[in-house]
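Student: Structure provided below as structure tokens; questions to follow.
The values are calculated or read from the model by the stated rules, or taken from the named source; none is laboratory data. Note that this is a predicted model, so its numbers are computed, not measured. Cβ sites come from the backbone with ideal geometry, for glycine too, and all protein chains shown count toward neighbours. When the accessible area is computed, the model is the full protein with side chains, heavy atoms only, and any ligands, DNA or RNA have been set aside. Shrake-Rupley method; radii C 1.70, N 1.55, O 1.52, S 1.80 Å.
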Amino acid sequence: MRVGFYDLLFGRASNLIGEGEFYRDFTAGTGSVLEAACGSGRLFPALGAPGRLLVGFDASVELLQQAQAHYQGNAGLGRPLLCAQRMEDFAFGRRFERIVVGYYGLSYVLEPDGRRSFLQRIADHLTPDGQAVLHLPDADLLRRPVPQAEIDAQRGSLVLTKEASGFSGRLAYQTTENRVVENGSVHITALAFSLLDESGAVLREEEAAMHYAILDRQDIVSLAASVGLRLTDCRRGFVDDIDSELIVTLVHP
Ligand SMILES: C[S@@+](CC[C@H](N)C(=O)[O-])C[C@H]1O[C@@H](n2cnc3c(N)ncnc32)[C@H](O)[C@@H]1O
């Protein structure tokens, strides 16, 4: 997905209500935070603080450039340090008090060996009393067969204002695919986007397909145990009345 549409569309999704406050609490009082698969730095305002080391990495150089342009000069966030690395084999010469794998990051690692390697690296980079949080989509929701009529109805548009988005117009979206493949282990969501100006003229069109590994709580417990980590908290949303997510906290035993 090109830079821009992602933050505009997903940054306001209703399943993310309470996300910023959750991460602010999670990182409160700490001196070092690592965000894996940080993308465009959407979570940096919640993760950064003056005097705190905030490190983010992502596989997409394009998204990292956007994160850099937005946040690197922001004194309120400390000094976010960014680099291109992959979840499966990331390495830093230090440990962190908090590690955040936000917005479905782990679900993007489709190979079981890659997920195990990623979790091992999280364990290796966490201070002895540190905590890591992983945010995934709810597995049962991903497994649910979605009738075509429901897929067709998953469309809408967001009004964009110059003040909030730097552009006046509309972002229209339509789900084009929503299904489970690979013997029930991978979910595909495909979306088509159009950016329209105030007169309704289409300025840009784009398609994106997200492939998510389907993982439930027990999968995470087993994965964590295989690298010597333990689950201490598990919730289904950042706030109590949301149950579409799986948000787990891991620590060293
Ligand atoms: C849904 S986005 C989440 C971005 C950010 N954490 C947020 O909350 O907005 C998933 C991110 O994972 C990154 N990604 C996907 N596969 C990756 C991999 N193997 N290693 C590192 N980053 C990866 C993508 O580039 C994308 O930025």
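Student: Placing +1 at every Lys and Arg Cβ and -1 at every Asp and Glu Cβ, with all other atoms neutral, what dipole size does the chain have around its Cα centre, in debye to the nearest 20?
Tutor: Working: 24 positive and 33 negative charges, 123 e Å.
Approximately 600 debye in magnitude.
Student: Quickly rank 131-142, 70-81, 225-236 as a protection proxy: mean count of other C-beta atoms within 10 Å, highest first.
Tutor: Ranked from most to least packed, the peptides come out as 131-142, 70-81, 225-236.
Student: Please state the charge dipole magnitude for the range 104-253, taken about the Cα centre, from unit charges on C-beta atoms (+1 on K and R, -1 on D and E), reported in debye and rounded to the nearest 20.
Tutor: Computed charge dipole of the range 104-253: roughly 240 debye.
Student: Let me ask you something else. Calculate the length of the line joining the C-alpha centroid of the range 187-217 to that of the range 19-54, in whole Å.
Tutor: 26 Å
Student: Same structure, new question: Leaving out ligands and nucleic acids, and using a 1.4 Å probe, what accessible area per residue does the chain come to in Å²?
Tutor: 48 Å²
Student: Continuing with this model, one more query. Roughly how many debye, to the nearest 20, is the charge dipole of the range 141-212 about its Cα centre, given +1 on each Lys and Arg Cβ, -1 on each Asp and Glu Cβ, and no other charges? Present the calculation step by step, with values, prior to reporting the outcome.
Tutor: Details: 7 positive and 10 negative charges, 47 e Å.
With only Lys, Arg, Asp and Glu charged at Cβ, the dipole is about 220 debye.
Student: Projected onto the charge dipole of the range 141-212 (+1 at Lys/Arg Cβ, -1 at Asp/Glu Cβ, origin at the Cα centre), which of 148, 191, 174 gives the Cα projection farthest towards the positive end?
Tutor: Going by the charge dipole, the pick is 148.
Student: Give me a comma-separated list of calculated 3J(HN,Hα) values for the range 215-220, in order, Karplus coefficients 6.51, -1.76, 1.60 applied at θ = phi - 60°, integers in Hz, x for any Gly or Pro.
Tutor: The phi angles translate into 10, 10, 4, 5, 4, 6 Hz.
Student: Which whole-number percent gives the relative contact order of the range 141-212, counting Cα pairs below 8 Å spaced six or more residues apart?
Tutor: Values: 136 pairs, mean separation 18.0, N = 72.
RCO, the range 141-212: 25 percent.
Student: Of all accessible surface on the range 151-212 at a 1.4 Å probe, what whole percent is carbon and sulfur?
Tutor: Reported share for carbon and sulfur atoms: 46 percent.
Student: Related question: Decide, for the range 141-212, between rounded, prolate and oblate: order the square roots of the alpha carbon gyration tensor eigenvalues as a ≥ b ≥ c, take rounded if a/c falls under 1.5, and otherwise choose prolate if a/b is larger than b/c, else oblate.
Tutor: It comes out prolate by the Cα gyration axes.
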